[in-house]
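We did not get these values from a lab; they are worked out from the coordinates using the rules stated. Nothing here was measured: the structure is a model prediction, and the numbers come from that model. No Cβ is skipped: glycine too gets one built from the backbone with ideal geometry, and neighbour counts run over all protein chains shown.
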Amino acid sequence: MAKKNILVLHGPNLNLHGQREPEIYGSLTLDEIDQALAERALKLGILIECFQSNHEGVLVDHIQMAIKSYDAILINPAAFSHYSYALRDALSATGLPLVEVHLSNVFAREPFRHHSVITEVANGMICGLGLQSYLLGLEALVKVLEKQQV
Ligand code: DQA
C-alpha cells in the first residue's frame, strides 16, 4: 500500500520562529521544527511536506491543491486561526482529516486568541506544548488515517 502523505502548513510569522518572542514560542527555528517532523514521519512510515506562507491566498491555493495529492493536513494557522474564514472554508472543502496545532497555549493568552475559526472544521486541536504540539498532531493524524482503513 502506498505511504500516506501529510501536508504540514505553517501560517504567517512562523518563519520567524527562534527569534520571535522566544519566551512564548520557544527557541526552535521553523527548519528545526520541520526537521523534527520529518524524523517523526520516517518513524511513522509516512511522507510529509512542509510549507510556510505569510499570505492567506497562497495558503488557500496550497490547501486546494492538497485535495489530489495528500491524505491529511496538519496546520498551524497562526494568527489566521482567529479570523480567516477563507482558510477555514478551504480546509473544510478538502474533506481531508485535519489537525490544528499551536506552539503556545492560546487559552492562557489574550482573549482574541481564545477562539479559532479553524477548530470547528478540524478533527482536533493541540496547543501549548511547543514542538510536541506538532509531533502529537502528526501522530494523531496517522491514527485517524489508520481508522479510515478499517
Ligand atoms: C500561534 C498562536 C497564534 O495566536 C499566533 O498568532 C501565532 C502562533 C502558536 O503557534 O502558538 O502566530 O499559532
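With contacts taken as Cα pairs under 8 Å and at least 6 residues apart, segment 5-149 reaches a relative contact order of 26 percent. Exposure proxy shown here: for Leu7, Leu145, the number of other Cβ atoms within 10 Å sets the order, fewest to most, as Leu145, Leu7. Estimated at 0.36 nm per residue, the fully extended path between Ser27 and Lys147 surpasses their Cα-Cα distance by 39.7 nm.
Please work out the FRET efficiency for the pair Gln132 and Ser92, using the Cβ-Cβ distance as r and a Förster radius of 25 Å; give the result to the nearest 0.05. Efficiency at R0 = 25 Å is approximately 0.40.
Of the residues Val121, Val99, Val58, the one that moves most in a GNM of the chain with alpha-carbon contacts below 10 Å is Val58. Backbone amide hydrogens, once placed in the peptide plane, bring Cys127 within less than 5 Å of His102, excluding anything fewer than 5 places away on its chain. Couplings 3J(HN,Hα) for segment 113-127, derived from phi with the Karplus relation 6.51 cos²θ - 1.76 cosθ + 1.60 (θ = phi - 60°), are 8, 6, 10, 10, 7, 7, 3, 4, 10, 9, 5, x, 9, 10, 9 Hz, where x marks Gly and Pro.
Taken about its Cα centre, segment 14-150 carries a charge dipole of about 280 debye when Lys and Arg each add +1 at the Cβ and Asp and Glu each add -1 at the Cβ. Taking other C-beta atoms within 10 Å as the exposure proxy, His115, His62, His17 rank His115, His62, His17 from fewest upward. Panel order for Val101, Val60, by other beta carbons found within 10 Å of each beta carbon, from fewest to most: Val60, Val101. In this simple spin-label model, placing a label point 7 Å from the Cα along the Cα-to-Cβ direction at both Glu120 and Glu139 gives a separation of 3.1 nm.
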